[in-house]
Amino acid sequence: MKRFAATLLTFAAIGASLYATEAAPELNSQYHDSSKCKSCHAAIVNEWSGSYHAKSHYKHDEYLRQSMEYYARKTRKPINAVKVECAACHNPRVAVTSTDINYQIDVLMGLDEGSEVNAAVSDSSLSEGVNCLVCHNVDSINHDLPADKRGVHRIKWNPVGIMSGPIEDAKSPYHKTQYRDFFGKDPKQLCFVCHANDRSTENFVFANTQKEYKDTKKQCADCHMSPKKEGVASNLPIDNGKPKKRMVREHGFVGAHTNWLWQDALGIEAKKSGDSFIVTLSNENPHNIPTGFGARELILDVIYRSGSKVIETKSISMTQHYTDKRGKPTIPHLASSSTDDMSVPAQGSKTFKVPMVKGAGQVTFELHYRLVNDEIRSLLELKEPQWSEKKFINRTTIRL
Ligand code: HEC
Ligand code: HEC
Ligand code: HEC
Ligand code: HEC
Ligand code: HEC
């Protein structure tokens, strides 16, 4: 019996070592950050630097920072241990990929200052979040791992100085290049390294764009970068004294923070049925709207008018509320359950009933979006106006 247990233990140990996460190799000064790419990839660096990939760091995204602080307080983990945990997808070049109880004891003993963990999370090469040297230093993606192994835990890295990309015959005097299918043939595979299976301490999955995705011919890059168009991959004059023309995409990674992407993202239709209205929201996109991070919110404002006078307004919120093990309101990362998913399914629709108001001759249905619902904004004490700003999606009016 004893021997049997020992064999099992060895098996478990082998299993664990097969899944060992490979920390990204340390960057040298030649490839330290995006400023090293700018002279030859000026347009791309510019586009990327306005994106939320570039803001994916404790210092640059208030929502992320406040979530990390809240999570650390509630789990009683040191903030640096939380930074390491979240870094798996937010800052995958972090040199330390997990921490243990010994580190927590060190922190309690006041020994954090000189620690490996402290040095790793303070490394300035992380402050650019998901940058060029995250995506373009990936050698391969391990698709055989369990679905919850994401970000750095799913990546095998190239040595520093080798850039993987979509161009089969790329040649650069500054770095080596290697073609990869997850840039060329099927770039959504790269996106799914992180945009999938985001789960809480209670193993509750609260974001999973990969699972929602209804495969169409569209790539994520078609909407979140740009359609392929003629341009240059590098402005270096490598083609008879001129930059080489290539089919390229923009690197803006526009998303939920960008107002124009919301315009018409959902269709809206309303019709009268008895003494109420049937309102249908339709979604042609290949993932749910909203997709991704929890506590996003759709708001349907209904404005009832008689002549030009507004006689009543109603506001309907469609969002998710999260509860912890004890049934208290919490943030997605600490949730053990949530209210129903209110998003409009990929290439589908959602219908609901809105009451009529006596005397109304004209009713307008106006759909908006908000990045963070009231509950989470107040739990995290978010101050920046962007989290509560209403972004316009669509409207329709019925005359009675
Ligand atoms: C989130 C991942 C990601 C990040 C971050 C990223 N790229 Fe890319 N990059 C891609 C993908 C995907 C493609 C391939 C797009 C296609 O052709 O379908 C690409 C393509 C390229 C190309 C080839 C030209 C083109 O547009 O196809 C170059 C050069 C490039 N990237 C440089 C950079 C630089 C420099 C940075 C940093 C400022 C950067 N990338 C950041 C994902 C990324
Ligand atoms: C001295 C100029 C120079 C610098 C600096 C430079 N590159 Fe490049 N890079 C090029 C050239 C030239 C190409 C090839 C363009 C072509 O063939 O159209 C290229 C191609 C690429 C590709 C496409 C590879 C492929 O196979 O698809 C990527 C990705 C890339 N560079 C990333 C980077 C990143 C990230 C940095 C910063 C760490 C960087 N480059 C710095 C000149 C440079
Ligand atoms: C290494 C992990 C990783 C990879 C790979 C990755 N992303 Fe992201 N992405 C993130 C993180 C983390 C954020 C959130 C950053 C924040 O808001 O602080 C994000 C945010 C976004 C957003 C939201 C931006 C906004 O303003 O709301 C879009 C859109 C996006 N990514 C698209 C893509 C696409 C398309 C790909 C594949 C080409 C991709 N990502 C690959 C980690 C990744
Ligand atoms: C047909 C266009 C289209 C395609 C293709 C597409 N998206 Fe989106 N995506 C949108 C629109 C519109 C939004 C804005 C609404 C929203 O945030 O839900 C969005 C939003 C997002 C966001 C922001 C969510 C948030 O709350 O911050 C992420 C992340 C994202 N998409 C990832 C992806 C990934 C990954 C793929 C590929 C698997 C993809 N998208 C393919 C249209 C598209
Ligand atoms: C499995 C990969 C993954 C891990 C691990 C992860 N995130 Fe994220 N996170 C993402 C992606 C991808 C996005 C962008 C998708 C979106 O916006 O919907 C995101 C977005 C966010 C946002 C929204 C930011 C904004 O500007 O709207 C917050 C807040 C956040 N994450 C907090 C955390 C915290 C706190 C941790 C660690 C406890 C963490 N995340 C760990 C993948 C991850």
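No value in this document is a laboratory result; all are computed from the given coordinates. Small disclaimer: the values here were computed from a predicted structure and weren't measured. Ideal geometry is used to build each Cβ from the backbone, glycine not excepted, and the neighbour counts take in all protein chains shown.
Worth a mention:
- Extended-chain gain in nm, criterion 0.36 nm per residue less alpha-carbon gap, GLU389 and VAL205: 63.6 nm
- Positive-end residue, the chain charge dipole about Cα centroid, Cβ charges, pick of VAL138, THR396, GLN219: THR396
- Under 21 Å from LYS218, Cα to Cα: lysines that are on another chain or at least 8 residues apart: LYS185, LYS188, LYS228, LYS229
- Anchor LYS245: aspartates and glutamates whose Cα lies under 13 Å away (excluding residues fewer than 8 positions away in-chain): ASP169, GLU230
- The range 15-109, relative contact order [Cα under 8 Å, separation at least 6], %: 28 percent
- Annotation: amide H-H contacts under 5 Å for ILE316 (H modelled 1.01 Å from N, sequence separation of 5 or more, or interchain): LEU300, ASP301, VAL302.
- Relative contact order %, the range 17-248, counting alpha carbon pairs below 8 Å whose residues are six or more apart: 18 percent
- Take the Cβ atoms of SER98 and SER337, set R0 to 30 Å, and the FRET efficiency comes out at 0.65.
- Mean Cα-pair separation over length for the chain, i.e. relative contact order, pairs under 8 Å, 6 or more apart, %: 14 percent
- Measuring nothing but alpha carbons in the range 44-174 and taking Rh as the Kirkwood radius, the Rg to Rh ratio lands at 1.01.
- Fully extended contour minus Cα-Cα distance, from ARG73 to THR396, at 0.36 nm per residue: 111.8 nm
- Distance between modelled label sites at SER378 and GLU230, nm, 7 Å Cα→Cβ extension: 5.7 nm
- Candidates ASP112, ASP215, ASP275, ranked by Gaussian network fluctuation over the chain, Cα under 10 Å, top entry: ASP275
- Each label was represented as a point 7 Å from its Cα along the Cα-to-Cβ direction; for SER124 and LYS328 these points are 4.1 nm apart.
- The range 144-303: C-alpha gyration tensor shape, a/c 1.5 cut-off, then a/b vs b/c: oblate
- Using the empirical formula 2.2 N^0.38 Å as the baseline, the Cα radius of gyration of the range 17-248 reaches a ratio of 1.08.
- Net charge over other residues, Cβ less than 10 angstrom from the Cβ of ALA170 (K, R count +1; D, E count -1): +2
- The sum of -39500 (n - 2.57) across all DSSP H runs of n ≥ 4, divided by the residue count of the chain, sets its helix-only mean residue ellipticity at 222 nm to -6000 deg cm²/dmol.
- Between ASN28 and SER317, the distance separating the two model label sites (each 7 Å from Cα on the Cα→Cβ line) works out to 5.4 nm.
- Highest mean packing first, where packing is the average number of other Cβ atoms within 10 Å per residue, the peptides 134-144, 83-93, 25-35, 369-379 line up as 83-93, 369-379, 134-144, 25-35.
- Cα gyration tensor shape for the chain, rounded if a/c is under 1.5, else prolate or oblate: oblate
- This model, with +1 at the C-beta of Lys and Arg and -1 at the C-beta of Asp and Glu, gives the chain a dipole about its Cα centre of some 900 debye.
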